[in-house]
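Readers should treat all values here as calculations from the given coordinates under stated rules, not as data from a laboratory. Computed from a predicted model, the values in this text were never measured in an experiment. Because the Cβ atoms are built from the backbone with ideal geometry, glycine has one as well, and the counts that use them run over all protein chains shown.
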Amino acid sequence: MHRGCSLESTKKIGECMRNLDSDAIVAVVKDEKMGLSMHADGHFLTKPVNELLQSHEILTVPFMIGVNNDEMGWMLPDVSVILEGFIREQIPKDAVMPDLLLEEYIGIGEDPVKNRAGLTEALGDLLFTIPAITNANAHRDAGATVFLYEFQHPIKFQQEKRPSFVKSDHTDEIPVVLGFLFFNMFVTVDACSEEEEHLSRTMMSYWANFARTGSPNGDGLALWPKYGAEEQYLAIGLKEQVAADHLKEDRFVFITRIIPEKVSQLQQKTEHSEL
């Protein structure tokens, strides 16, 4: 938020913010042009994130990252303002890119169910899945030990609040990892099945092992492979956790390679036609 505040230091930003009246703050929040973005301050972020990833200027500590299998599947209606900011950050202003995305994910069909699924998948890939894979690749290439996962089971109390077509949406794994299923502060114990409680214990074990040792693996757990050249990851379902590889490879290639190539080709044609 700018509103005339000096960005020279956090102290000056804080002093300025304290002197703003509430109407000014509300106006900024409602401003559709405002988006969420990262600022390279030279200390915490020494360079823009993409530059750090490309140059492998990354701390090579063990790194765990993951996504869910229906990112944006249900949260879409609740985050319209935030979503607009993210989309502006992720999608270049090239007029051709939305058309390419529509062609890839939705096509020209008139089936509203397929169109809905294509839209939510495209948004989930752009905002979460492709960035996660990009980060996994960068940390792996920098020499870090990387563990990637895809969570695939929404808990019963989550399912009951949604349409049946929604799978595991953004952040759905958090209550499972943190053990919310075992105390009544957030959900009643009888709201979850024994299988879901077992899944929660399994995930807590993986995460606790990773925090202690840098590896999620341990006795009694399915092997979680390191993310290497084969791009292996752990698919976390209700009944089993299995190793898989090349998460959403076709979509990743399309968004990170094919789209930039087509945008570049279009720009070159436009430049030639103007000469």
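If you average the sequence gap of Cα pairs under 8 Å that are 6 or more apart and divide by the length of region 61-274, what percent do you get for the contact order?
About 24 percent, as a whole number.
Find the Rg to Rh ratio for region 215-258, where Rh is the Kirkwood radius over alpha-carbon pairs and Rg uses the same atoms.
My calculation of the ratio gives 1.09.
Would you list Ile259, Ile13, Ile108, Ile133 from fewest to most Cβ contacts within 10 Å?
Details: Ile259 19, Ile13 15, Ile108 6, Ile133 25.
Lowest to highest Cβ neighbour count: Ile108, Ile13, Ile259, Ile133.
Using the Kirkwood formula on the Cα atoms of region 61-274, what hydrodynamic radius do you get, in angstrom to one decimal?
That comes to 19.0 Å for region 61-274.
Once the other residues with Cβ under 13 Å from the Cβ of Ala144 are scored (Lys, Arg +1; Asp, Glu -1), what is the net sum?
Around Ala144, the surrounding residues sum to 0.
Mind jotting down a quarter of the surface of the convex hull over the alpha carbons of region 149-275, in square nanometres, one decimal?
Numbers: hull surface 48.1 nm².
Dividing the Cα hull surface by four gives the mean projection, 12.0 nm².
Quick one: if you stick a label point 7 Å off each Cα along the C-beta vector at Ser215 and Lys12, how many nm between them?
Here the modelled spin labels are 5.1 nm apart.
Please rank Arg257, Arg251, Arg201, Arg18, fewest neighbouring Cβ atoms within 10 Å first, as an exposure proxy.
Arg18, Arg257, Arg201, Arg251
If packing is taken as the average count of other Cβ atoms within 10 Å, what order do 68-75, 159-166 fall into, highest mean first?
Going by the mean number of other Cβ atoms within 10 Å, highest first, we get 68-75, 159-166.
Can you sort His246, His39, His139, His170 so the residue with the fewest Cβ neighbours within 10 Å comes first?
Starting with the residue having the fewest Cβ neighbours, the order is His39, His246, His170, His139.
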